[in-house]
Structures are given as structure tokens and as C-alpha cells.
Amino acid sequence: MSMAGQRVLVVGASSGIGLATAEAFGTAGATVTMASRGGPKLELAAEQLGARSAALNVWSGVQI
């Protein structure tokens with residue numbers, strides 16, 4: 001199934017089912033936004049998938 005041109009948000013994407021889901025959507029051609037509470041772990045996961053990453057601390061009003 002092609003997901004080309006689709007945008008997907010995957011939460012819990014730093015490991016487990018969330019990471020596998022992000023990888024599957026990316027492989028299918030979707031633009032994937034990965035979100036997780038674990039900043040460094042999420043950055044590593046995005047790196048492993050060959051994606052660009054940026055950390056955002058949602059607990060900090062300064063970064064939002």
C-alpha cells in the first residue's frame with residue numbers, strides 16, 4: 001500500500017511498536033513526524049531510520 005503524499009504523526013516513536021510503525025509508514029512513502037517523551041532516544045531512533053530530527057521539550061513553555 002502506497003502512502004506517498006500522506007503525512008503521519010506517530011507518538012511513542014522512540015521504540016517498540018511506535019518505532020516499527022514509523023518505519024513502516026516511512027517505507028510506504030509517507031512523511032512521518034515522530035513524537036516521544038524521550039528526547040535523546042527519539043533522536044537516535046530517527047537517525048536509525050535515516051530521518052532528520054529535532055528535539056522539542058513540550059514541558060517547557062520556552063520551546064513551544
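The values are calculated or read from the model by the stated rules, or taken from the named source; none is laboratory data. It should be emphasised that the depicted structure is a prediction, and the values quoted were computed from it without experimental measurement. Here Cβ is always computed from backbone atoms with ideal geometry, including for glycine, and neighbour counts include all displayed protein chains.
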Check: What do you reckon, is residue 23 out of contact with any strand residue (DSSP E or B) (no Cβ under 9 Å at 6 or more places or on another chain), assigned to a helix (DSSP H, G or I), surrounded by 14 or more Cβ atoms within 10 Å (Cβ to Cβ) and modelled with pLDDT of 80 or more?
Finding: no
Check: Mind checking which residues of the stretch 4-32 are touching a helix residue (DSSP H, G or I) at 6+ places or on another chain (Cβ under 6 Å) and more than 12 Å from residue 49 (Cβ to Cβ)?
Finding: 8, 12
Next item on the list: Return the pairs, sorted by first residue and then second, in which the second residue is modelled with pLDDT under 90 and charged (D, E, K, R), the first residue lies in the stretch 15-35 and is within 15 Å of residue 47 (Cα to Cα), the beta carbons are less than 8 Å apart, and the residues are 6+ apart or on different chains.
Entry: 15/41
